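Structure first, commentary second.
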Amino acid sequence: MTPTDTQIQRLLDKAKSGAEVDRNELINHSCSRLLKLTRKMFHNFKSLQRWEQTDDVFQNALVRLHRSLLEVQIDDVRHFFNLAALQIRRELLDLTKHYYGKLGIGSNHHSDHQIGPDAVLANATNNPIKNKSLEKFHENIDTLPAEEQEIINMLFYEGFNQEETAEFLGISLSTVKRRWHAARLKLAETF
């Protein structure tokens, strides 16, 4: 456990014992890791980078996390970061729908100095077909079992390797590999 994780766990233990814990303090201790996670996740949403900045996505995700902490009893550091990853992913998906939905500015705005709809399809960062596939991919992560979502969060979004993930979660490397494989198969079936 990192020093940050230890501080977060201490605050969560304090809350479990019935003491009042300031949600802001909990989020403040995890800000640098959450910002890194937001950057990593936002990197997978290339089309949004034209309209949004990482700090704005981060701030909105923190607001979501802050609100969700009122409704969800957090058990441990793992649960906290899984909840945070969920809130970041939801923010990114909502922004994608906002900009690339039927009436979204991204779906109806053309400014790459090329003519016609074929030019939009040729531009990978504004490809509506690609955007829809990526949106569906990120939405489908929520349909996975919690254990597989956690593996996706750590390996895909947070950039942990399999050994680090196994150590952090306190499970065997073969279990990480099995869950990672199962999650990828389930996500592939949705396309």
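Only the coordinates and a few stated rules stand behind these numbers; no lab work does. This one's a predicted model, so the numbers in the text were calculated from it and none came from an experiment. Glycine also receives a Cβ, built like all others from the backbone with ideal geometry; neighbour counts cover every protein chain displayed.
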Any aspartates and glutamates whose Cα falls less than 19 Å from that of K36, other than same-chain ones fewer than 8 residues away, would be D5, E25, E52, D55, D56, E91, E150, E158, E164
Counting only DSSP loop positions in region 5-92, the GluC sites (Glu not before Pro) whose Cβ has at most 12 other Cβ atoms within 10 Å are E20
Lys and Arg at +1, Asp and Glu at -1: neighbours of D142 with Cβ under 9 Å from its Cβ sum to +1
Taking 0.36 nm per residue of separation between H98 and R67 and subtracting their Cα-Cα distance, the length gained on full extension comes to 9.1 nm
Scaled by the rule-of-thumb 2.2 N^0.38 Å, the alpha carbon Rg for region 3-115 gives a ratio of 1.28
Between K36 and E164, the two model label points (7 Å from Cα along the beta-carbon direction) sit apart by a distance in nm of 0.6
Counted neighbours (other Cβ, 10 Å), sorted fewest up, put V77, V63, V21 in the order V63, V21, V77
Put in order of increasing Cβ neighbours within 10 Å, starting from the fewest, D142, D5 give D142, D5
